[in-house]
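The values are calculated or read from the model by the stated rules, or taken from the named source; none is laboratory data. Here the structure is a predicted model, which is why all the values come from computation and not from measurement. Here the Cβ positions follow ideal geometry from the backbone for every residue, glycine too, while neighbour counts run over all protein chains shown.
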Amino acid sequence: MTQDHNSIDPLQPHSHEPNPAPPSDDPTFQFVGVNGRSHPITVADLQRLPEVSVPDCTIVSTGHGTSGPFTFTGATLLAVVQALCADPWTEVEVVSADGFGSRVYASELYEPDPAGPILLAYAMDGQPMSRAEGLVRLIVPSERDDALRQVKWVGEVRVVGEERP
Ligand SMILES: Nc1nc2c(c(=O)[nH]1)N[C@H]1C(S)=C(S)[C@@H](COP(=O)(O)O)O[C@H]1N2
Ligand SMILES: [Mo]
């Protein structure tokens, strides 16, 4: 994978300085299927999928301390993709409107880390998550460093098929 220092790729974050401010008030995000069609997904849509809680999640950053441990609750990213995408897929790009994102591989979803499955979280320690706290937030329980995959304010979930368009 190459990194172009002249452009900003949200999937290759350069900065570890977390943004404290949500890019908008509305937690609705766009789900973009392999066919390129997008559907808006609300918190209520996520709540209709099986509810999964993962304890002992910490948001760890080398630069600015650690918070947690938290129990995050949400739908698994796998359940969301499976509910909305019938096409074969290899990875999922999860991006916030503030230009921060993470790429998740199908193998990480089908064979979850012992720390827990990757979530699209809407609650924290049994309370609804506020927009300021990151609603809807990608939680990657296996990450132990930098928090570069704990994407706050998910704006787009893009499913990538076997052949990129
Ligand atoms: N959308 C978005 N998500 C983000 C970031 C960001 O700047 N924007 N920063 C990341 C980094 S580097 C850290 S350390 C954590 C900080 O999470 P917190 O604000 O809940 O402590 O969020 C991660 N997720
Ligand atoms: Mo960070």
Quick count over segment 53-64, residues being touching a Pro at 6+ places or on another chain (Cβ under 8 Å) and surrounded by 18 or more Cβ atoms within 10 Å (Cβ to Cβ), is 2
If I ask for residues that are more than 17 Å from L119 (Cβ to Cβ), over 17 Å from the mean Cα position of the chain (by Cα) and away from ligand 2 (no atom under 16 Å from the Cβ), which ones from segment 39-70 would you list?
none
Which of (1) among the aromatic types (F, W, Y); (2) out of contact with any Gly (no Cβ under 9 Å at 6 or more places or on another chain); (3) more than 14 Å from ligand 1 (Cβ to nearest atom) is the odd one out, the single condition F100 does not satisfy?
(3)
Of the numbered conditions (1) touching a residue at least 12 places away in the same chain (Cβ under 8 Å); (2) surrounded by fewer than 16 Cβ atoms within 10 Å (Cβ to Cβ), S67 fails exactly one; give the number of that condition.
(1)
Taking the stated definitions as given, is N35 more than 23 Å from S130 (Cα to Cα) and either at pLDDT below 95 or within 16 Å of ligand 2 (Cβ to nearest atom) (or both)?
yes
Checking R144 against (1) in contact (Cβ under 8 Å) with a residue 24 or more places away in the chain; (2) assigned to a strand (DSSP E or B); (3) within 15 Å of ligand 1 (Cβ to nearest atom): exactly one of these is not met. Which one?
(2)
So if I check each of P13, P22, P18, which one is modelled with pLDDT of 95 or more, within 16 Å of the chain's Cα centre (by Cα), assigned to a loop (DSSP other than H, G, I, E, B) and surrounded by 14 or more Cβ atoms within 10 Å (Cβ to Cβ)?
P22
Complete set of residues in segment 126-161 that are of a type in the set (G, A, S), more than 18 Å from Q47 (Cα to Cα) and more than 13 Å from ligand 2 (Cβ to nearest atom):
A132, S142, G161
Within the group A79, A75, which residue is in contact (Cβ under 8 Å) with a residue 12 or more places away in the chain, assigned to a helix (DSSP H, G or I), surrounded by 15 or more Cβ atoms within 10 Å (Cβ to Cβ) and more than 15 Å from ligand 2 (Cβ to nearest atom)?
A79
